[in-house]
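Heads up: the structure comes next, in structure tokens.
We did not get these values from a lab; they are worked out from the coordinates using the rules stated. The structure displayed is predicted, hence computed values, not measured ones. Backbone-built Cβ (ideal geometry, glycine too); neighbour counts: all protein chains shown.
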Amino acid sequence: MFSEEEKRELKEMAMSSRLREDMRRLVKMRHNPFLEGNIVDIDKLLAFLTEYNYFINHASKLFRRIIDKDMRL
């Protein structure tokens, strides 16, 4: 899998305070494009999924209504 040299290099990087600080900064600055405040924007999510399905050439299916009297999550 990893050579001894690669393992040593990964261990050195893991001990690096600079790398840890960079990772903290990335986590702090990450952005979820589907959130508006703390609420998921369904329109943005559906637009993304529709475009993604088109991109991967996924055949769309017709909508089928779910008929059930007792639906619980």
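For the chain, what is the per residue volume of the convex hull drawn over the alpha-carbon atoms, in cubic angstrom? Could you put the intermediate results ahead of the total?
Working: hull volume 18.2 nm³, N = 73.
About 249 Å³ per residue, rounded to a whole number.
Taking loop as defined by DSSP and a crowding limit of 12 other beta carbons within 10 Å, which trypsin sites (Lys or Arg not before Pro) in the range 8-73 fit? Spell out each step's value before the answer.
Numbers: sites: R8, K11, R18, R20, R24, R25, K28, R30, K44, K61, R64, R65, K69, R72; in loops: R30, K61, R64, R65, K69, R72.
Filter output for the range 8-73: R30, K61, R64, R65, K69, R72.
Within the chain, what's the longest stretch lacking chymotrypsin sites (Phe, Trp or Tyr not before Pro) that sit in DSSP loops with no more than 11 other Cβ atoms inside 10 Å?
Values: sites that count: F2, F63.
Longest site-free region, per DSSP loop and neighbour criteria: 3-62.
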